[in-house]
Amino acid sequence: MKVSCLQENLAKGLSIVNRAVASRSTLPVLGNVLLATDGGRLKLAATNLELAVTCWIGAKVDAEGATTVPARLLGDFVNSLPPERIDMDLNVRTQTLHLKCARYDANIKGIDAQEFPIIPTLGDGKRIALEPEVLREMIEQVAFASATDESRPVLTGVVAKFEKDQMTFAAADGFRLSVRYATLGAPVEPPVSVIIPAKALQEVGRVSGDQEETIEMAVTENQSQVLFRLTNIEIVSKLIDGLFPDFTRIIPTSHNTRTVVSVTELHNAVKASSVFARESMNTIRFQITRLNDAGAGRMTITATSAESGDNVGDIDATVDGDPVEIAFNARYLTDLLNVLHAPQVAIETTGSASPGVFKIVGREDFTHVIMPMAIK
């Protein structure tokens, strides 16, 4: 293998694939990144057997070939080089990769590419076309609500449902639920329902920042893996086996009080209360009151710490219904408010012991449910 490419292109490609490198593995090759010539380009790939990321960068190929080298070592070295051309030459017998850039030279010992796992690619099967901007927002507004605890594997994923021209993403961790709907450009037949690891979806969201063309998604015939194809990037992830809970039963169908507030004002008030909530189980209280028949109201946000003190914040609200006092986890509120990107949010409540339902005002495509905390 003899190939040349720009330092900035190689550095960017390595930053994309290195997230899939296995941090601890009994197979040394999983700590390596694959470098292979492919149709006049340089292919970079990494996998931890759960997630695989492949990226192609522009290169001048003088001799075909492939090898694998330690991902962290290569990444750190390439990042330290000046923004000039890098020439790479592989000694096949010793599996040593020689790199030359400006006045810098290095030799990196690798492992034969034959030992690198085979990464599936998009075949000729059914593909689902996804709009990048919509997909990014759906991932951002749903994936954060998935569980990090591995005791219930299905809850560490996002259930993705495709039926006719409707797409639904949902995630829950037992204390909160996030659901986002969208309309597809082309109908999907037959319906598809899979559980994708939240980390894999977040990786798709991360690398698709500059993507403008449609993202293609496909599920393998045995329903064990999902593939996402972007421009010059492919991501393959194992799917999670199991049955995702029926999230539609968790969402309350009625409410006694509907409160509309500014997202920015609520975010600022929650941020101030979080300082005191840290020492009291992260509990923040909402006291919602209606001031007149026209619907003008007030939301009072408080947090109390036995050791540090307390705080009170008031924000204007439009209130329809009965006065209510309810408490939520400050972190869950902050996570939600970070992804709303809207001027106003509606909070639907039934009582202090019932879940709170959060919706973006003027949109029907997003629903977030947070379980309340006990008020002493």
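The values are calculated or read from the model by the stated rules, or taken from the named source; none is laboratory data. Quantities reported herein were computed from a predicted structural model and do not represent experimental measurements. Don't worry about glycine lacking a Cβ; one is built from the backbone with ideal geometry, like all the others, and counts go over all protein chains shown.
Inspection of region 29-36 identifies no residue that is more than 28 Å from the chain's Cα centre (by Cα), crowded, with 18+ Cβ neighbours inside 10 Å and assigned to a loop (DSSP other than H, G, I, E, B).
Identify all residues within region 12-28 that are under 24 Å from LEU230 (Cβ atoms), surrounded by fewer than 18 Cβ atoms within 10 Å (Cβ to Cβ) and not charged (D, E, K, R); write none if there are none. Lay out the reasoning, then the answer.
Filtering region 12-28 down to residues under 24 Å from LEU230 (Cβ atoms) leaves 12-22.
Filter again for surrounded by fewer than 18 Cβ atoms within 10 Å (Cβ to Cβ), leaving 12, 15, 18-19.
Listed by number, the residues that qualify are SER15, ASN18.
Of everything in region 328-350, what is of a type in the set (A, V, I, L, M) and either part of a loop (DSSP other than H, G, I, E, B) or within 22 Å of the chain's Cα centre (by Cα) (or both)? Give them in sequence order. Result: ALA330, LEU333, LEU336, LEU337, VAL339, LEU340, ALA342. Please specify each residue of region 127-160 satisfying the condition of being part of a loop (DSSP other than H, G, I, E, B) and either touching a Pro at 6+ places or on another chain (Cβ under 8 Å) or hydroxyl-bearing (Ser, Thr, Tyr) (or both). Of everything in region 127-160, those that are part of a loop (DSSP other than H, G, I, E, B) and either touching a Pro at 6+ places or on another chain (Cβ under 8 Å) or hydroxyl-bearing (Ser, Thr, Tyr) (or both) turn out to be SER146, THR148, SER151.
What number of residues in region 351-376 are among the acidic types (Asp, Glu) and assigned to a strand (DSSP E or B)?
Applying the first criterion (among the acidic types (Asp, Glu)) to region 351-376 yields 364-365.
Within this subset, residues satisfying the condition of being assigned to a strand (DSSP E or B) are none.
Qualifying residue count for the region: 0.
Close contacts from region 16-33, counting a first residue that is in the same structural domain as ALA46 (by TED's automatic domain parsing) and a second that is of a type in the set (Lys, Arg), with Cβ to Cβ under 8 Å and a gap of 6+ residues or different chains, come to ASN18/ARG72; ARG19/ARG206; VAL21/ARG72; GLY31/ARG72.
Filter the strands (runs of 3 or more DSSP E) completely within region 52-123 down to those with at least 2 residues that are farther than 12 Å from VAL3 by Cα. Lay out the reasoning, then the answer.
Values: elements: 60-63, 66-70, 85-91, 96-101, 104-109.
Those strands (runs of 3 or more DSSP E) span 66-70, 96-101, 104-109.
Exactly one of (1) buried (at least 17 other Cβ atoms within 10 Å of the Cβ); (2) more than 20 Å from LYS238 (Cα to Cα); (3) touching an Asp or Glu at 6+ places or on another chain (Cβ under 8 Å); (4) not charged (D, E, K, R) is unmet by GLN95. Its number? With respect to (1) buried (at least 17 other Cβ atoms within 10 Å of the Cβ); (2) more than 20 Å from LYS238 (Cα to Cα); (3) touching an Asp or Glu at 6+ places or on another chain (Cβ under 8 Å); (4) not charged (D, E, K, R), GLN95 is out only on (1). THR214 - would you say it is touching a Gly at 6+ places or on another chain (Cβ under 6 Å) and of a type in the set (S, T, N, Q)? No, not satisfied.
Can you tell me how many residues within region 37-49 are closer than 17 Å to MET1 by Cα, in contact (Cβ under 8 Å) with a residue 12 or more places away in the chain and in a loop (DSSP other than H, G, I, E, B)?
First, pick out the residues of region 37-49 that are closer than 17 Å to MET1 by Cα: 37-45.
Narrowing further to those that are in contact (Cβ under 8 Å) with a residue 12 or more places away in the chain: 37-38, 40-45.
Cutting the leftovers down to in a loop (DSSP other than H, G, I, E, B) gives us 40.
Qualifying residue count, region 37-49: 1.
With farther than 30 Å from GLU307 by Cβ, part of a strand (DSSP E or B) and touching a residue at least 12 places away in the same chain (Cβ under 8 Å) as the only criterion, which of ARG258, ARG285 stands out?
ARG258
Of the candidates SER178, SER208, SER224, the single residue that is at pLDDT below 95, buried (at least 19 other Cβ atoms within 10 Å of the Cβ) and of a type outside the set (A, V, I, L, M, F, W, C) is SER208.
Taking the conditions exactly as written (part of a strand (DSSP E or B) and either among the basic types (Lys, Arg) or surrounded by fewer than 19 Cβ atoms within 10 Å (Cβ to Cβ) (or both)), does ASP165 satisfy them or not? Spell out how you get there, then give the answer.
Numbers: part of a strand (DSSP E or B): yes; either among the basic types (Lys, Arg) or surrounded by fewer than 19 Cβ atoms within 10 Å (Cβ to Cβ) (or both): yes.
Considered against the rule, which asks whether it is part of a strand (DSSP E or B) and either among the basic types (Lys, Arg) or surrounded by fewer than 19 Cβ atoms within 10 Å (Cβ to Cβ) (or both), ASP165 comes out as yes.
PRO245 meets the conditions (1) assigned to a loop (DSSP other than H, G, I, E, B); (2) farther than 14 Å from VAL159 by Cβ; (3) touching a residue at least 60 places away in the same chain (Cβ under 8 Å) in every case but one. The failed one is (2).
Among the residues of region 297-312, write down those that are of a type in the set (D, E, K, R), at pLDDT 90 or above and exposed (fewer than 14 other Cβ atoms within 10 Å of the Cβ). It would help to see each step written out before you state the result.
The initial filter retains those residues of region 297-312 that are of a type in the set (D, E, K, R), namely 298, 307, 310.
From what is left, the residues that are at pLDDT 90 or above are 298, 310.
Result: ASP310, single match.
Screening ALA63 on (1) of a type in the set (Gly, Ala, Ser); (2) under 16 Å from ASN232 (Cα atoms); (3) surrounded by fewer than 17 Cβ atoms within 10 Å (Cβ to Cβ); (4) touching a residue at least 24 places away in the same chain (Cβ under 8 Å) shows it passes everything except condition (2).
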